[in-house]
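Report on the structure given below.
Nothing in this text is a laboratory measurement; each read-out follows from the coordinates by a stated rule. Just so it is clear, the structure is predicted and the values come from calculations on it, not from any experiment. Note: ideal-geometry Cβ built from the backbone for every residue, glycine included; neighbour counts use all protein chains shown.
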Amino acid sequence: MCAHNLPCPTAMAPDREAARPVAHRPEQGWSLLCNGVLVFEDTGELLPDGRIVAPHRPLALTVGSAA
């Protein structure tokens with residue numbers, strides 16, 4: 001699918017999010033990568049084969065401690 005010089009990672013590669021965006025719709029909260037992956041602003045993904053990758057945002061650091 002990717003025609004870039006130095007091809008982007010495939011949709012099944014662990015680093016698939018490093019592929020270049022070919023469409024970006026910030027008002028709708030998604031980007032389409034050249035490997036066919038839809039990436040959503042909540043970090044969830046829709047793979048070309050229809051599988052869903054749940055959002056995987058890093059945990060927020062908290063200030064102070066909970067007692």
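Taken along the Cα-to-beta-carbon direction at a fixed 7 Å, the label points for Leu6 and Ala23 span 2.7 nm.
When each of the peptides 33-41, 21-29, 5-13 is scored by how many other beta carbons lie within 10 Å of its residues on average, the order from highest to lowest is 33-41, 5-13, 21-29. Normalised by 2.2 N^0.38 Å, where N is the number of residues, the C-alpha radius of gyration of the chain stands at 1.36. Amide H to amide H, with H built 1.01 Å from N, Cys34 comes under 5 Å of Arg20, Val22, counting only residues 5 or more places away or on other chains.
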